[in-house]
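**Student:** Let me give you the structure first, and then I'll get to my questions.
The values are calculated or read from the model by the stated rules, or taken from the named source; none is laboratory data. Source: prediction; values computed, not measured. Cβ: placed from backbone, ideal geometry, glycine included. Neighbour counts: every protein chain shown.
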């Protein structure tokens, strides 16, 4: 009679075939039944073909097809949810689903501390494994191989024996580590560096993993490397978007997001400090902006070191910094931090061959329920304005009356700019200068008047908003035009800001030429503070020497007091 396998094969529709496994070979038998007179099977003709390679190719293609499907699911998930640290768990799950011999697994990543840390695990307690860090030179990190490699339970025993007791206990309690028979370990490369490892474990046989398994695991590791590269690039882009390139500090955008979060979570128990460096312009003027940038970097490092671990310092831009203090119990804690910042800013700051002595002013605004980040930041800015107005190198708290002062400041500033561009709100009055011996007027002093504020308020306003050059030019031109009408010498006040402008002497010469005013009929009155014995005073002295060479008279006076 026919054997059962042959009988079953002949009973199948189509051409009967029978596959027989002989060792690692697969033989495909093509069967042909020879019927007798009563249609009974007299004999069976069989042709055997070795189809081992074909079967292996089909199995291989089936496994790679599974790889592609699982990888596609990974990328679909990442497209839907965004690229994040979830890539480690997604790749691990896909590898376990693609490689049947892999019954558990994990992923370790090289972190900034120079050690490998577990970031994903299946079949183990990931939270427990997170307590373990593996140094690159330690055997368990398996860094001695550059491609997928299988390790047995004997290798693992030697690895674990060389770990300290605490980490070994954590590893063993995290899952079936002692039952592992084979580990398929695959390094993940990023820019030529072993950045991570993919581990796939089998609990049954030492020879569980085939060469195809190693190829597939290597392919998953390569995909993980590509994803890590993109994750790193996105991290860099995010860092650039949220950090200041000069100092490495968070920028205003990052600060506002953290401030919004803190306001939601803490409300009152926080404060914003607004810092402005005093004296940076001098460094820029004398040494150039490269030196000024170095000062900013030095100050940024000092401010960061002076803060508590929970505090945040960011660069607002230019010479301004922002600080967020959280977890405050009372306002004096904010004062203590601000005083430390004032103290470190006063330390000598060497730049090149010079040593500068700078300072900072600090405005403080305390959090209140209902305030937006922008409103709290504006309050800190107003407090800073107050601190600088009181003499710099000090701190000041926000008070509600400062808001009204700000509204007035904005109104005056807009009106002043309008009048400087051709409005009629500015004019000059002339105070005679009398020769006491003869009683005759020998000169006129030009005194500036404005429709909205007295000189004692107008001049500081222009200085705060760097309009003194434009305002002084307006006064000089109108005074020189008036001199041509009456012929007397005319005295004009000059601010320290104007004298520090390296083009000031040229601009005076230009006005004299355009108005026709003789240089010897113009007298410029300067304040003694403009001539203090420092670099700024020396710059002012050089400007005055250039003006004297033009034939212009120079007198000392108190600017703006007329």
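**Student:** Taking the conditions exactly as written (buried (at least 21 other Cβ atoms within 10 Å of the Cβ) and in contact with a helix residue (DSSP H, G or I) (Cβ under 8 Å, 6 or more places away or on another chain)), does residue 196 satisfy them or not?
**Tutor:** Details: buried (at least 21 other Cβ atoms within 10 Å of the Cβ): yes; in contact with a helix residue (DSSP H, G or I) (Cβ under 8 Å, 6 or more places away or on another chain): yes.
Yes, satisfied.
**Student:** Considering 302, 329, 340, which residue is assigned by TED's automatic domain parsing to the domain that holds residue 394, over 27 Å from residue 540 (Cβ atoms) and not in a helix (DSSP H, G or I)?
**Tutor:** Step by step, each of 302, 329, 340 is checked, and only 329 is assigned by TED's automatic domain parsing to the domain that holds residue 394, over 27 Å from residue 540 (Cβ atoms) and not in a helix (DSSP H, G or I).
**Student:** With 437, 415, 453 as the choices, which residue is free of Cβ contacts under 8 Å to residues at least 40 places away in the same chain, in the same structural domain as residue 504 (by TED's automatic domain parsing) and closer than 30 Å to residue 363 by Cα? Walk me through how you get there before you give the answer.
**Tutor:** Numbers: 437 fails: closer than 30 Å to residue 363 by Cα; 453 fails: free of Cβ contacts under 8 Å to residues at least 40 places away in the same chain.
Step by step, each of 437, 415, 453 is checked, and only 415 is free of Cβ contacts under 8 Å to residues at least 40 places away in the same chain, in the same structural domain as residue 504 (by TED's automatic domain parsing) and closer than 30 Å to residue 363 by Cα.
**Student:** Can you tell me which of (1) out of contact with any helix residue (DSSP H, G or I) (no Cβ under 8 Å at 6 or more places or on another chain); (2) more than 22 Å from residue 207 (Cβ to Cβ); (3) surrounded by 12 or more Cβ atoms within 10 Å (Cβ to Cβ) is the one residue 135 doesn't meet?
**Tutor:** (1)
**Student:** Determine whether residue 462 is surrounded by 15 or more Cβ atoms within 10 Å (Cβ to Cβ), outside any helix (DSSP H, G or I), touching a helix residue (DSSP H, G or I) at 6+ places or on another chain (Cβ under 7 Å) and on the phi < 0 side of the Ramachandran plot. Please lay out each step first, then the result.
**Tutor:** Working: surrounded by 15 or more Cβ atoms within 10 Å (Cβ to Cβ): yes; outside any helix (DSSP H, G or I): no; touching a helix residue (DSSP H, G or I) at 6+ places or on another chain (Cβ under 7 Å): yes; on the phi < 0 side of the Ramachandran plot: yes.
So residue 462 does not fit the description; no.
**Student:** Inspect region 436-447 for any residue being under 22 Å from residue 501 (Cβ atoms) and either in a loop (DSSP other than H, G, I, E, B) or out of contact with any helix residue (DSSP H, G or I) (no Cβ under 6 Å at 6 or more places or on another chain) (or both) and give the result as yes or no. Steps first, please.
**Tutor:** Let us first name the residues in region 436-447 that are under 22 Å from residue 501 (Cβ atoms), namely 446.
Narrowing the set further to residues that are either in a loop (DSSP other than H, G, I, E, B) or out of contact with any helix residue (DSSP H, G or I) (no Cβ under 6 Å at 6 or more places or on another chain) (or both) leaves none.
No: zero hits.
The rows are residues; the columns are (1) surrounded by 11 or more Cβ atoms within 10 Å (Cβ to Cβ); (2) closer than 30 Å to residue 130 by Cα; (3) at pLDDT 80 or above; (4) not assigned by TED's automatic domain parsing to the domain that holds residue 180.
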{"residue": "15", "(1), (2), (3), (4)": "no, no, no, yes"}
{"residue": "24", "(1), (2), (3), (4)": "no, no, no, yes"}
{"residue": "38", "(1), (2), (3), (4)": "no, no, no, yes"}
{"residue": "75", "(1), (2), (3), (4)": "yes, yes, no, no"}
{"residue": "89", "(1), (2), (3), (4)": "yes, yes, yes, no"}
{"residue": "97", "(1), (2), (3), (4)": "yes, yes, yes, no"}
{"residue": "110", "(1), (2), (3), (4)": "yes, yes, yes, no"}
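**Student:** Now a separate question. Residues that are modelled with pLDDT under 80, part of a loop (DSSP other than H, G, I, E, B), exposed (fewer than 14 other Cβ atoms within 10 Å of the Cβ) and under 51 Å from the mean Cα position of the chain (by Cα): does region 501-509 have at least one? It would help to see each step written out before you state the result.
**Tutor:** Going through region 501-509, the residues modelled with pLDDT under 80 turn out to be none.
No, the conditions are met nowhere in region 501-509.
**Student:** Right, something else. Can you tell me which condition residue 432 does not meet? The list is (1) in contact with a helix residue (DSSP H, G or I) (Cβ under 9 Å, 6 or more places away or on another chain); (2) surrounded by fewer than 20 Cβ atoms within 10 Å (Cβ to Cβ); (3) free of Cβ contacts under 8 Å to residues at least 60 places away in the same chain, and all the others hold.
**Tutor:** With respect to (1) in contact with a helix residue (DSSP H, G or I) (Cβ under 9 Å, 6 or more places away or on another chain); (2) surrounded by fewer than 20 Cβ atoms within 10 Å (Cβ to Cβ); (3) free of Cβ contacts under 8 Å to residues at least 60 places away in the same chain, residue 432 is out only on (1).
**Student:** Here's a follow-up. Quick one: residue 388 ticks every box in (1) farther than 30 Å from residue 323 by Cα; (2) assigned to a helix (DSSP H, G or I); (3) in contact with a strand residue (DSSP E or B) (Cβ under 8 Å, 6 or more places away or on another chain) except a single one, so which number is it?
**Tutor:** (1)
**Student:** I'm told residue 383 meets every condition in (1) farther than 25 Å from residue 295 by Cβ; (2) assigned by TED's automatic domain parsing to the domain that holds residue 257 except one. Can you identify the failing condition by its number?
**Tutor:** Failed condition: (1).
**Student:** Quick one: would you say residue 174 is under 25 Å from residue 71 (Cα atoms) and modelled with pLDDT of 85 or more?
**Tutor:** Values: under 25 Å from residue 71 (Cα atoms): no; modelled with pLDDT of 85 or more: yes.
Against the criterion (under 25 Å from residue 71 (Cα atoms) and modelled with pLDDT of 85 or more), residue 174 does not qualify.
**Student:** Return the pair list, or none, for Cβ contacts closer than 9 Å from residues in region 257-270 that are farther than 18 Å from residue 313 by Cα to residues that are outside any strand (DSSP E or B) and at pLDDT below 90, at least 6 apart or on different chains.
**Tutor:** 267/368; 267/369; 267/370; 267/371; 268/368; 268/369
**Student:** Can you report the number of residues in region 473-502 which are out of contact with any strand residue (DSSP E or B) (no Cβ under 8 Å at 6 or more places or on another chain) and closer than 22 Å to residue 520 by Cβ?
**Tutor:** 7
**Student:** Exactly one of these conditions fails for residue 516: (1) within 52 Å of the chain's Cα centre (by Cα); (2) surrounded by fewer than 18 Cβ atoms within 10 Å (Cβ to Cβ); (3) at pLDDT 90 or above. Give me its number.
**Tutor:** Checking residue 516 against (1) within 52 Å of the chain's Cα centre (by Cα); (2) surrounded by fewer than 18 Cβ atoms within 10 Å (Cβ to Cβ); (3) at pLDDT 90 or above, the one that fails is (1).
**Student:** Taking the condition in contact with a strand residue (DSSP E or B) (Cβ under 7 Å, 6 or more places away or on another chain) and either modelled with pLDDT under 95 or buried (at least 21 other Cβ atoms within 10 Å of the Cβ) (or both), does residue 404 pass?
**Tutor:** Working: in contact with a strand residue (DSSP E or B) (Cβ under 7 Å, 6 or more places away or on another chain): no; either modelled with pLDDT under 95 or buried (at least 21 other Cβ atoms within 10 Å of the Cβ) (or both): yes.
Judged against the criteria, residue 404 is not a match.
**Student:** Here is a further query. What do you reckon, is residue 471 part of a helix (DSSP H, G or I) and surrounded by 12 or more Cβ atoms within 10 Å (Cβ to Cβ)?
**Tutor:** On the way: part of a helix (DSSP H, G or I): yes; surrounded by 12 or more Cβ atoms within 10 Å (Cβ to Cβ): yes.
Here the answer is yes, as residue 471 does meet what is asked.
**Student:** On to the next question. Examine region 366-384 for a residue that is crowded, with 17+ Cβ neighbours inside 10 Å and more than 13 Å from residue 272 (Cβ to Cβ), and state whether such a residue exists.
**Tutor:** Here is the first cut: in region 366-384, the ones crowded, with 17+ Cβ neighbours inside 10 Å are 366-367, 371, 373, 376-384.
Of the ones still in play, those that are also more than 13 Å from residue 272 (Cβ to Cβ) are none.
Checking region 366-384: not a single residue is crowded, with 17+ Cβ neighbours inside 10 Å and more than 13 Å from residue 272 (Cβ to Cβ).
**Student:** Name the residue, out of 298, 272, that is closer than 17 Å to residue 340 by Cβ, modelled with pLDDT under 95 and either in contact with a strand residue (DSSP E or B) (Cβ under 8 Å, 6 or more places away or on another chain) or buried (at least 16 other Cβ atoms within 10 Å of the Cβ) (or both).
**Tutor:** On the way: 272 fails: modelled with pLDDT under 95.
Going through 298, 272 in turn, the sole match is 298.
**Student:** What number of residues within region 45-73 are at pLDDT below 70, surrounded by 13 or more Cβ atoms within 10 Å (Cβ to Cβ) and part of a helix (DSSP H, G or I)?
**Tutor:** 3
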